[in-house]
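Chemist: Let me begin by handing over the structure; questions about it come next.
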There are 2 protein chains.
Amino acid sequence: MSHFEHTTWLLIVILISTKWMGYLFKRMGVSELVGELLAGVTLGHFAMSIWGFDFSADMLNNEFFQYASELGVILLLFQVGLESNIKDLLKVGLNAFSVAALGVLLPVLMGVGVSFYFAMTSDLGSWFIGATLAATSVGITAKILNDAGLIKTRSSQVILGAAVIDDVMGILLLVILASVASTGSISVSEIGVIVLKTITFFIVAVLIGKYLLSGVIKISDLNTTTGVWVAFALVLALGFAQLSAMAGLAPIIGAFMAGLILDDVHFTHSENMNIHDLQDLLKPLTDILLPIFFVGIGAQVKLNLLGDLNVLGITISLLFVAIVGKILAGIFIRGSGFDKLGIGIGMIPRGEVGLIFAAYGLKQNILSTQSYSVLVLVVLLTTILGPVLIKSRLKYF
Amino acid sequence: MSHFEHTTWLLIVILISTKWMGYLFKRMGVSELVGELLAGVTLGHFAMSIWGFDFSADMLNNEFFQYASELGVILLLFQVGLESNIKDLLKVGLNAFSVAALGVLLPVLMGVGVSFYFAMTSDLGSWFIGATLAATSVGITAKILNDAGLIKTRSSQVILGAAVIDDVMGILLLVILASVASTGSISVSEIGVIVLKTITFFIVAVLIGKYLLSGVIKISDLNTTTGVWVAFALVLALGFAQLSAMAGLAPIIGAFMAGLILDDVHFTHSENMNIHDLQDLLKPLTDILLPIFFVGIGAQVKLNLLGDLNVLGITISLLFVAIVGKILAGIFIRGSGFDKLGIGIGMIPRGEVGLIFAAYGLKQNILSTQSYSVLVLVVLLTTILGPVLIKSRLKYF
């Protein structure tokens, strides 16, 4: 079979399995993401015995799938950025900020602690394990709150605000850890340099947004007939990703910034486009690219590495830490008029950003396949438990 | 620079250059395609001296760009199929059919003749040269007729019908030539086998469309929330492409059939989708994938191989043949009430389908880089001359 044909079969299998597993899990009230990951886990384990090829290895060795996955991640972070908004971030209030900060700090530190206690991996590996537990995936909670007509309550607003902020903190953490991974060690002053770089990059991005972006949009708008806007978004996201790579930061932080600075205001210079249409326009691309990424994440999980008591202990401990860390962050909130426990529970589901950490750690050989498999499993379990728990809490919102 | 970063730079350069060259040529009243091809020609010649890398070789050796191009071609043929319609094809009338048949026969035979006369290439290569001149790219003519309010005239309808039919004939020709290319020679009975295979495949496709497709659409429709429709279209196009490859036919004929059998009727079984929304949904994908394909086509053109009198003679002869072949096909039309000359002129522009031929011939080493460069240039020139000539003819439509 030619390379083209093999890639095409893989792509067909990926698309059918992710869309169907995603659909089934969505119907069960769980996130689509869980279905897509499990499609990957299933293919990773059974493709060999059904079709006689190693799905996981074939995906890893296929440049098309590798680059498509990376493009998917870039576009995902770009969209996370689009959904965030600098002004909203600044006015989100101390409550959301404190929930976010504690909700990052506690799971990360406790995760590192669990990893140390079980002597799972290197020091750096332990930090990757902790960091994977940082960022909330708010989509599914938001959907439940919205369906219950509770999205405008103060508690819900704190959850939404905190989830955006812990994304940003999570990404910053990745920048730092990625830098440690490439240099081998890090001092406090080096962390300072990275934070400074990130802040500088952020300011440069904001300035570009303020002074150049309207011009670029005006120019792009001349081109009414062609598919210029998809290209505009892709070039912006990829361009900022390259800029941040050149500055020694992770490409995804650039993609996130690109989305963040692209504001409604800029589109007043366009007759043909606004930010919501742009999001719709990008959806067909991410509908294809992200399943490729998540299937790859799932396919690298090795369930047979999870079958001993020690690993079971690690998994339960990390899951416990992931849940309790967020709940404590909610409970420690100041003031009243919130459902503090509900806020904590609402932030339990982890998702895309955490998985990017785990995948990065595995790729760089910082995490073993075993630690990686445990992490993906923990992310999966939080995403399954989160909705169940939040539903029992809706009456307090 | 990492592989990821290099691919990303290439992608950024491709997107910016194609969208802008496309825009400029569109504004000049020429097809966007010309701009995209010239972006490729320019990058192929100047990237080395500006950035120090061989753009054309880097694209050819990059699996992501190679597969993305193939996906683009598959989706393009799928869309050509979507725009065609079996019933319309059958009732298009003898006039359009005769224009199409002659408009394929004459340029192909005359093209083969020119190639023989100048002893350009092998016998098979000569057939590829002829076949590249077969299919009309009707988009630009249709746009001009539409803008002039003349799209409903009888002459315009003949052009539109004939262009669809000559696409089908062109694709059939590719099936035959690709089979010759893989077996080395062909007898009349083998051509018969291929035609029979194609007809069988066509019938099977129509039966699948009639009896299975509504069911697949009904099932897909359950999945209301996810990006299932883009995946549906991609799986259908890729699945049929694989089927036709397995039957020993070219993958693109399968993709075309997949589009052809997907009819408005089937979508009565869907609450969430119709055929026009599906086309809109696929546009962001082709907006990114097709420029990658066309840039690659352009980048492989070597202008320095065109700089001698003999090659100039060949180019002019093939251009002449390409124009006169279509004009004669129009003039020989029976009956009255048409602008016979106008119909011929309207079919001069060649485009996507022809370029797929040329690219296939080059890839399989059937065409030399020189013959390939001549062919792409001829396609470009027909696309530039066509609109100029048709505009002078509008008053007779």
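Chemist: Considering only the other residues whose Cβ falls under 15 Å of the Cβ of A:S17, what net charge follows from Lys and Arg at +1 and Asp and Glu at -1?
Modeler: Numbers: positive: A:K19, A:K26; negative: A:E32, A:E36, A:D58, A:D287.
Its environment carries a net charge of -2.
Chemist: Grab the other residues whose beta carbon is less than 10 angstrom from that of A:I343, score K and R as +1, D and E as -1, and report the net. Present the calculation step by step, with values, prior to reporting the outcome.
Modeler: Values: positive: A:R154, A:K326, A:K340, A:R393; negative: A:D339.
Here the count lands on +3.
Chemist: What is the sum of charges around B:L381, taking Lys and Arg as +1, Asp and Glu as -1, for the other residues whose C-beta is under 14 Å from the C-beta of B:L381? Intermediate values should be presented prior to the final figure.
Modeler: Working: positive: B:K326, B:R350; negative: none.
Spelling it out: positives minus negatives among the neighbours equals +2.
Chemist: Which peptide among A:127-133, B:179-185 comes first, and what is the full order, when sorted by highest mean count of other Cβ atoms within 10 Å? Kindly include the intermediate steps, with their values, before the conclusion.
Modeler: Numbers: A:127-133: 29.0, B:179-185: 12.9.
Per-residue mean Cβ counts within 10 Å order the peptides as A:127-133, B:179-185.
Chemist: Counting only other chains, and only Cβ atoms inside 10 Å, what mean value do you get across the residues of A:55-64? Don't skip to the end; give the middle numbers.
Modeler: Working: counts 0, 0, 0, 0, 0, 0, 1, 3, 9, 9.
Mean inter-chain Cβ contacts per residue within 10 Å come to 2.
Chemist: Average the reciprocal distances over every distinct pair of alpha-carbons in the range B:49-128, invert the result, and give the Kirkwood radius in Å.
Modeler: Numbers: mean 1/r = 0.0595 Å⁻¹.
Final number for the Kirkwood radius of the range B:49-128 is 16.8 Å.
Chemist: Counting other C-beta atoms within 10 Å, which of B:T224, A:T136 has the fewest, and how do the rest follow? Walk me through the numbers on the way to the answer.
Modeler: Details: B:T224 12, A:T136 32.
Exposure proxy ranking, most exposed first: B:T224, A:T136.
Chemist: Related question: Going by amide H atoms built from the backbone, whose H comes under 5 Å of the H on A:T136, apart from near neighbours?
Modeler: Residues meeting the amide H criterion: A:D167.
Chemist: Which FRET efficiency value, to the nearest 0.05, do you get for B:S187 and B:M48 by plugging their Cβ-Cβ distance into 1/(1 + (r/R0)^6) with R0 = 56 Å?
Modeler: On the way: r = 46 Å, r/R0 = 0.81.
Result of the calculation: an efficiency of 0.75.
Chemist: Treating only the Cβ atoms of Lys and Arg (+1) and Asp and Glu (-1) as charged, compute the dipole magnitude of the range A:3-396 about its Cα centre; round to the nearest 20 debye.
Modeler: Details: 21 positive and 24 negative charges, 250 e Å.
Roughly 1200 debye, rounded to the nearest 20.
Chemist: For B:T200, which inter-copy label distances result when the label point lies 7 Å beyond Cα on the Cα-to-Cβ vector, reported in nm to one decimal and in ascending order?
Modeler: The projected label point of B:T200 is separated from its counterparts by 6.8 nm.
Chemist: Could you tell me what % of all Cα pairs in the protein assembly as shown have separations over 34 Å? Provide the component values of the computation, followed by the final result.
Modeler: On the way: 168273 of 314821 pairs.
Summing the P(r) tail past 34 Å for the protein assembly as shown gives 53 percent.
Chemist: Right, next: What are the label-to-label distances in nm, one decimal and shortest first, from A:R27 to the same spot in the other copies, with labels 7 Å along Cα to Cβ?
Modeler: In ascending order, 5.2 nm.
Chemist: Okay, moving on. What value, in deg cm²/dmol to 500, does the helix sum -39500 (n - 2.57) over DSSP H runs of n ≥ 4 give at 222 nm once divided by the residues of chain A? Can you show the working numbers first?
Modeler: Details: 18 runs with 305 residues, N = 397.
That calculation yields -25500 deg cm²/dmol at 222 nm.
Chemist: Right, next: Of the listed pairs A:K87/A:K210; A:K340/A:K391; B:K87/B:K218; B:K152/B:K395; A:K143/A:K395; B:K143/B:K391, which have alpha-carbon separations greater than 18 Å here? Walk me through the numbers on the way to the answer.
Modeler: Numbers: A:K87/A:K210 13 Å; A:K340/A:K391 15 Å; B:K87/B:K218 23 Å; B:K152/B:K395 14 Å; A:K143/A:K395 16 Å; B:K143/B:K391 11 Å.
Flagged as over cut-off: B:K87/B:K218.
Chemist: Measure off 7 Å from each Cα along the Cα-to-Cβ vector at B:N61 and A:K143, then give the distance between these two points in nanometres to one decimal.
Modeler: Modelled inter-label distance: 4.4 nm.
Chemist: Right, another one. Determine Rg/Rh for the range B:1-115; Rg is computed over alpha-carbon atoms and Rh is the Kirkwood hydrodynamic estimate from the same atoms.
Modeler: On the way: Rg = 19.3 Å, Rh = 17.5 Å.
With Rh from the inverse mean 1/r over Cα pairs, Rg/Rh is 1.10.
Chemist: In chain A, which longest range has no trypsin sites (Lys or Arg not before Pro) that are both DSSP loop (not H, G, I, E or B) and surrounded by at most 10 other Cβ atoms within 10 Å?
Modeler: On the way: sites that count: A:K91, A:K152, A:R334.
The segment A:153-333 is the longest one with no such site.
Chemist: What would the Debye formula give as log10 I(q)/I(0) at q = 0.11, 0.16, 0.19 Å⁻¹ for the alpha-carbon point model of the range A:241-397, no solvent?
Modeler: After summing over all Cα pairs, the log10 values are -0.66, -1.13, -1.21.
Chemist: Helix hunt in chain A: which complete DSSP H runs extend at least 24 Å axially by C-alpha with mean Kyte-Doolittle at least 0.5?
Modeler: Numbers: long enough: A:3-27 (36 Å, 0.47); A:32-51 (26 Å, 1.13); A:63-83 (30 Å, 1.03); A:93-117 (36 Å, 1.73); A:154-183 (44 Å, 1.58); A:188-211 (34 Å, 1.79); A:228-246 (26 Å, 2.04); A:275-299 (34 Å, 1.06); A:309-331 (32 Å, 2.19); A:369-391 (34 Å, 1.67).
Helix filter hits for chain A: A:32-51, A:63-83, A:93-117, A:154-183, A:188-211, A:228-246, A:275-299, A:309-331, A:369-391.
Chemist: What average count of beta carbons from other chains do you get within 10 Å of the Cβ of residues in B:2-8?
Modeler: Numbers: counts 2, 3, 8, 5, 0, 6, 10.
The per-residue average across the peptide is 5.
Chemist: Once you wrap a convex hull around the alpha carbon atoms of the range B:102-197, what is its projected area averaged over all directions, in nm²? If you can, show how the numbers build up before the last one.
Modeler: Numbers: hull surface 29.7 nm².
For the range B:102-197, averaging the hull's shadow over all directions gives 7.4 nm².
Chemist: Within 10 Å of each Cβ in A:281-290, how many Cβ atoms from other chains are there, averaged over the peptide? Spell out each step's value before the answer.
Modeler: Numbers: counts 5, 1, 4, 15, 6, 3, 10, 7, 0, 1.
Average per residue, whole number: 5.
Chemist: Here is a further query. Using only Cα atoms, what Kirkwood radius does chain B have, in angstroms? It would help to have the intermediate numbers written out before the result.
Modeler: Details: mean 1/r = 0.0462 Å⁻¹.
Evaluated on chain B, it is 21.7 Å.
Chemist: For A:D308, go 7 angstrom from Cα along the Cα-to-Cβ vector, then report the distances to that same point in the other copies in nm, smallest first.
Modeler: Here A:D308 shows inter-copy label distances of 7.2 nm.
Chemist: How far, in whole Å, is the nearest Cβ of chain B from the axis relating it by rotation to chain A, and which residue carries it?
Modeler: Whole-Å result, nearest residue of chain B to the axis: B:E63, 2.
Throughout, read-outs are computed from the coordinates displayed, never taken from laboratory work. Everything numeric in this text was worked out from a predicted model, so none of it was measured. Positions of Cβ are generated from backbone atoms using ideal geometry, with glycine treated the same way; all protein chains shown enter the neighbour counts.
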